[in-house]
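The values are calculated or read from the model by the stated rules, or taken from the named source; none is laboratory data. Just so it is clear, the structure is predicted and the values come from calculations on it, not from any experiment. No Cβ is skipped: glycine too gets one built from the backbone with ideal geometry, and neighbour counts run over all protein chains shown.
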Amino acid sequence: MRPHHSLCIQFFEGKGYSEEFVRAMADVIRHLEEHDPLVTLTANGDVICRACPHYHEGICKMHDKVSAIDQRCLERYALSFGSTLRWSTLKGLAFQTVIAQHQLAGVCRSCKWHTICLNRERKSPVP
């Protein structure tokens with residue numbers, strides 16, 4: 001899983017690039033929540049990327065932008081690419097170190113969807 005997807009998943013509300021992307025994202029979220037699998041953090045495309053129109057033949061057209069967001073996530077989570085942990089643990093780290101600390105504006109500033117997340121972050125409990 002790309003590190004930034006640990007944030008995207010928590011703010012997903014059925015909007016996305018296409019109906020296919022929205023369906024795929026909902027399926028991934030359902031699987032994560034029902035099975036709490038081990039996830040390995042990657043700098044490359046993951047199962048969510050496969051349905052993204054910016055991802056083609058294993059290459060992300062937005063690589064520099066999403067890589068910067070991934071790096072900011074890793075710094076806050078104190079993890080690195082290749083780290084493997086349960087989804088629930090990663091989700092908790094994302095919440096505790098970014099969402100509850102109201103850090104989305106800094107972490108996700110270059111994401112086209114970040115205004116949706118910022119509106120929802122403001123409703124999150126203050127630590």
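Residues checked against (1) out of contact with any Ser or Thr (no Cβ under 8 Å at 6 or more places or on another chain); (2) surrounded by fewer than 14 Cβ atoms within 10 Å (Cβ to Cβ):
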| position | (1), (2) |
| --- | --- |
| Pro3 | yes, no |
| Ala24 | yes, no |
| Ala43 | no, no |
| Cys49 | yes, no |
| Ile59 | yes, yes |
| Met62 | yes, no |
| Ile69 | no, no |
| Cys73 | no, no |
**Q.** Selection within the range 45-74 - in a loop (DSSP other than H, G, I, E, B) and within 18 Å of Cys111 (Cβ to Cβ)
**A.** Gly45, Asp46, Ile48, Cys52, Pro53, His54, Lys61, Met62
Q: Tell me, yes or no, whether the range 38-52 has at least one residue that is within 26 Å of Asn119 (Cα to Cα) and not aliphatic (A, V, I, L, M).
A: yes
Q | Residue list for the range 17-72, restricted to those being small (Gly, Ala, Ser) and farther than 19 Å from Ser83 by Cβ | A | Ser18, Ala24, Ala26, Ala51, Gly58
**Q.** Residue match in the range 97-111 (condition: β-branched (Val, Ile, Thr), modelled with pLDDT under 85 and either within 14 Å of the chain's Cα centre (by Cα) or assigned to a helix (DSSP H, G or I) (or both))
**A.** no
Q. Looking at the range 83-94, is at least one residue of a type in the set (Lys, Arg), at pLDDT 95 or above and closer than 13 Å to Cys8 by Cβ?
A. yes
Q. Is there any pair linking a residue in the range 45-64 that is closer than 24 Å to Gly14 by Cβ to one that is of a type in the set (A, V, I, L, M) and not in a loop (DSSP other than H, G, I, E, B), with Cβ under 6 Å and at least six apart or on different chains, and which?
A. Val47/Val28; Ile48/Val28; Ala51/Ala24
Q) For the range 49-77, what are the residues that are at pLDDT 90 or above and β-branched (Val, Ile, Thr)? A) Val66, Ile69
Q: Please enumerate the residues belonging to the range 1-40 that are within 14 Å of the chain's Cα centre (by Cα), of a type in the set (Phe, Trp, Tyr) and assigned to a loop (DSSP other than H, G, I, E, B).
A: Phe12
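In the range 84-105, what residues are small (Gly, Ala, Ser) and buried (at least 17 other Cβ atoms within 10 Å of the Cβ)?
Here is the first cut: in the range 84-105, the ones small (Gly, Ala, Ser) are 88, 92, 94, 100, 105.
Once the filter is applied, which keeps residues that are small (Gly, Ala, Ser) and buried (at least 17 other Cβ atoms within 10 Å of the Cβ), the range 84-105 yields only Ala94.
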**Q.** Selection from the range 75-96 of residues that are under 13 Å from the mean Cα position of the chain (by Cα) and either outside any helix (DSSP H, G or I) or of a type outside the set (Gly, Ala, Ser) (or both)
**A.** Tyr77, Trp87, Leu90, Lys91, Leu93, Phe95
